[in-house]
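Report on the following structure.
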Amino acid sequence: MKRVHLRLIIIAGLLSLACTTKVSEWVLLNALPNAYTLVYFHKDPLSEIEKQQNAAVENSVRPANIQFRNFLSEDTNQPYYGLYYGQVLISRYHELKELKNLISSPVREKIARELMAGKLCVMLYLKTGIKEKDDAGIRIVKRAIASSPFSHIIPVVELSRNDIEEKHFSSMLLSVETDLKDISEPMLFGIFGRFKALEPLLGRGISEENVNLMVDFLTADCSCLIKDDLPGMDILFTNHWESPTPALVNPILDANPSLMHR
């Protein structure tokens, strides 16, 4: 499994080709989020009820970065909805009510507000429900952020993976890499731009050094190579991302030029 701090070290070596716009700001202003696909798999021709139902579903998800389609499949015993990011299956839903909060939720709305307010990123701490592990990891995260010169523009949000209202969000986060759903460790996701989540730090990988590497990446000058190969995965969310507040990182860097050469 890829580890975010290794990838960010490699990317840092490419910054000689950079422009002066910071990574986090460039992504928010320019990088459209990739679209998800919600597929309704069915074996028999659609009934009128199904047609009306799916028309309502398609209309309800229209504001978000998602496409809807029907798919006739002989291998489908019972109809169901499948949510995909590219070729990756995120979740299956066998009842219409399971799609509630698919494109938006309270925590996603909170994070989007922070990003639109000019914050550098949001550090999302996904908890396991195992108190000892969760407490140890969040102490490291908070200590690392508190010691950063960018501390007041990096909110930390905690989320339980057992939060029913945020089940879709948690499922997407646990799909950023292929084996995350099988790992019972706390995870730290850097979320930036138009809701892009970096590959997480997890377990013992949650260290002050690695948190600082993540911050260094987001405050680095953007480059063509970074623009063409942004790390991480876009999260499904309904937002037009119009007229964000100017990036708060810029006044900090202007007042402290030495931070640009660390």
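Laid out as a table, the results:
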quantity: Residues that are under 14 Å from residue 233 (Cα atoms) and outside any strand (DSSP E or B), drawn from the range 29-47; calculated: 31, 32, 33, 34, 35
quantity: Single condition residue 181 does not satisfy, out of (1) modelled with pLDDT of 95 or more; (2) over 19 Å from residue 131 (Cβ atoms); (3) among the basic types (Lys, Arg); calculated: (1)
quantity: Some residue of the range 69-79 being modelled with pLDDT of 95 or more, within 21 Å of residue 169 (Cα to Cα) and of a type in the set (Phe, Trp, Tyr); calculated: no
quantity: Residues of the range 146-157 satisfying the condition of being under 20 Å from residue 186 (Cβ atoms) and surrounded by fewer than 15 Cβ atoms within 10 Å (Cβ to Cβ); calculated: 146, 147
quantity: Residue match in the range 71-78 (condition: more than 21 Å from residue 199 (Cα to Cα), outside the structural domain of residue 142 (by TED's automatic domain parsing), without any contact (Cβ under 8 Å) to a residue 24 or more places away in the chain and among the polar types (S, T, N, Q)); calculated: yes
quantity: Residues that are small (Gly, Ala, Ser) and not in a loop (DSSP other than H, G, I, E, B), drawn from the range 117-161; calculated: 136, 137, 144, 146, 151, 160
quantity: Selection from the range 53-71 of residues that are touching a strand residue (DSSP E or B) at 6+ places or on another chain (Cβ under 6 Å) and either assigned to a strand (DSSP E or B) or exposed (fewer than 12 other Cβ atoms within 10 Å of the Cβ) (or both); calculated: 64, 66, 67, 68, 69, 70, 71
quantity: Meets criteria (within 20 Å of residue 194 (Cβ to Cβ), small (Gly, Ala, Ser) and in contact with a Ser or Thr (Cβ under 9 Å, 6 or more places away or on another chain)) for residue 91; calculated: no
quantity: Residue match in the range 128-136 (condition: hydroxyl-bearing (Ser, Thr, Tyr) and under 15 Å from residue 169 (Cβ atoms)); calculated: no
quantity: Output for the range 93-110, where each listed residue is out of contact with any Pro (no Cβ under 8 Å at 6 or more places or on another chain) and within 19 Å of residue 240 (Cα to Cα); calculated: 101, 102, 104, 105, 106, 107, 108, 109, 110
quantity: Subset of the range 168-187 [surrounded by fewer than 17 Cβ atoms within 10 Å (Cβ to Cβ) and among the charged types (D, E, K, R)]; calculated: 179, 181, 182
quantity: Residue ranges of helices (runs of 4 or more DSSP H) in the range 201-262 with at least 1 members surrounded by 13 or more Cβ atoms within 10 Å (Cβ to Cβ) and at pLDDT 90 or above; calculated: 208-218, 249-255
quantity: Any chance residue 205 is among the small types (Gly, Ala, Ser), within 27 Å of residue 66 (Cβ to Cβ) and out of contact with any strand residue (DSSP E or B) (no Cβ under 8 Å at 6 or more places or on another chain); calculated: no
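The values are calculated or read from the model by the stated rules, or taken from the named source; none is laboratory data. None of the values given here were measured: they were computed from a predicted structure. For neighbour counting, all protein chains shown are included, and Cβ atoms are generated from backbone atoms with ideal geometry for every residue, glycine included.
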